[in-house]
1. Is it true that A203 is closer than 20 Å to N280 by Cα, modelled with pLDDT of 95 or more and open to solvent by less than 10 Å² (accessible area, probe 1.4 Å)?
2. With the requirement that a residue be closer than 16 Å to Y279 by Cβ and touching a residue at least 40 places away in the same chain (Cβ under 8 Å), what does the range 114-135 give you?
3. Residue check: is F142 touching a Pro at 6+ places or on another chain (Cβ under 9 Å), open to solvent by 10 Å² or more (accessible area, probe 1.4 Å) and touching a residue at least 12 places away in the same chain (Cβ under 8 Å)?
4. Report yes if some residue within the range 165-177 is aromatic (F, W, Y), open to solvent by less than 20 Å² (accessible area, probe 1.4 Å) and touching a helix residue (DSSP H, G or I) at 6+ places or on another chain (Cβ under 6 Å); otherwise report no.
5. Only one of R196, R155, R137 is open to solvent by less than 10 Å² (accessible area, probe 1.4 Å), in contact with a Phe, Trp or Tyr (Cβ under 9 Å, 6 or more places away or on another chain) and basic (K, R); which?
6. Scan the range 131-153 residue by residue and report those that are at pLDDT below 85, farther than 23 Å from D41 by Cα and among the charged types (D, E, K, R).
7. Inspect all residues belonging to the range 42-57 and state whether any of them is closer than 22 Å to Q257 by Cβ and of a type in the set (A, V, I, L, M).
8. Taking the range 115-130 as the search range and keeping residues that are open to solvent by 20 Å² or more (accessible area, probe 1.4 Å) and either small (G, A, S) or farther than 27 Å from Q94 by Cβ (or both), which one is modelled with the lowest pLDDT?
Amino acid sequence: MTLCVRNFTICLYITLIFCIFAVMKEQAGMILLSFDTEEFDVPREHGVDFSLEDGMKVSIVGTNRILDVLKQNGVHATFFCTGNFAVHAPEVMQRIMDEGHEVACHGVDHWQPKETDFAQSKEIVERVTGRTVYGYRQPRMFPVVESEIKRVGYRYNSSLNPAFIPGRYMHLTEPRTWFMKDGVMQIPASVTPLIRFPLFWLALHNLPEGLYHWMVRRVLGKDGYFVTYFHPWEFFELKEHPEFKMPFIIKNHSGHQMCERLDRLVKMLKQRGHQFITYNDFVDRVKA
């Protein structure tokens, strides 16, 4: 996470210098909003002894705040849940389903992801929810074997951020938009055209909101849909906990401020006629 933060900062400076304010006609599009619903483990990346129980407390608070914002705006999203979160927060999982959102898989243990997690994660989440799970996202966007993803019954994989960020997100040769691979639909996180600036969670934390909204609209004008993701712990008051040793770029605008930023983003997109759909619905639509 620390390397990701540093490289994102470099990418931010480059984009702010070279951002091309091209006029692009915006069309009504599809919004694929998602949340990597995992146990909070970022302090461990900074040498803090942080238990699963403590991580779950943070993520449960954050997930309920997210659900409140989505409910107030009448929109649906996709929640990529780890096996750990599903097992330790069944009441939150039930709320996610009761309020019309899609549940997908996000590995088993977020701190120790394994290549075989996709199968065990599906078994755990389906057992907890009683529903068939169709989508997968590997923790930290690590690569997966698509043929194995298909074998266990997933329809789509969203483990790719094709951004211009040196490090694990540097996938400049990969398509920006959805594509098929080994019979599985790949749904990358959205990045801007040309520069490939990432429009994921760190961007909404740190960019001026007007600039972030403009970039989102530019992607919608180009692609006809927009894909992004956040984490429940971003909606927890991280700035009130110096013991977490969180970098400024992560805790900036966290907690209730992030709830407000998400709320304004959703309202802006709704006002412009865009439709919020789940990832599985997106697969159905583009395949129709």
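The values are calculated or read from the model by the stated rules, or taken from the named source; none is laboratory data. Worth saying up front: this structure is predicted, and the values here are computed from it rather than measured. Cβ coordinates were reconstructed from backbone atoms using ideal geometry, including for glycine residues, and neighbour counts include every protein chain displayed. Calculation scope for accessible area: heavy atoms of the full protein, side chains included, ligands and nucleic acids excluded. Shrake-Rupley method; radii C 1.70, N 1.55, O 1.52, S 1.80 Å.
1. Spelling it out, it is not the case that A203 is closer than 20 Å to N280 by Cα, modelled with pLDDT of 95 or more and open to solvent by less than 10 Å² (accessible area, probe 1.4 Å).
2. Kept after step one, since they are closer than 16 Å to Y279 by Cβ, are these residues of the range 114-135: 118, 121-122, 125, 129, 131-135.
Result: V125, T129, Y134, G135.
3. In short, yes.
4. Quick first cut of the range 165-177, residues aromatic (F, W, Y) only: 169.
Filter once more, keeping what is open to solvent by less than 20 Å² (accessible area, probe 1.4 Å): 169.
Still in the list and also touching a helix residue (DSSP H, G or I) at 6+ places or on another chain (Cβ under 6 Å): none.
Checked against the condition, which is being aromatic (F, W, Y), open to solvent by less than 20 Å² (accessible area, probe 1.4 Å) and touching a helix residue (DSSP H, G or I) at 6+ places or on another chain (Cβ under 6 Å), the range 165-177 yields no hits at all.
5. Residue meeting the stated conditions: R137.
6. Step one: filter the range 131-153 for residues at pLDDT below 85, giving 140-147.
Filter once more, so that each one left must be farther than 23 Å from D41 by Cα: 145-147.
Passing the criteria: only E146.
7. Yes; the residues of the range 42-57 include at least one that is closer than 22 Å to Q257 by Cβ and of a type in the set (A, V, I, L, M).
8. Applying the filter and picking the extreme gives E115.
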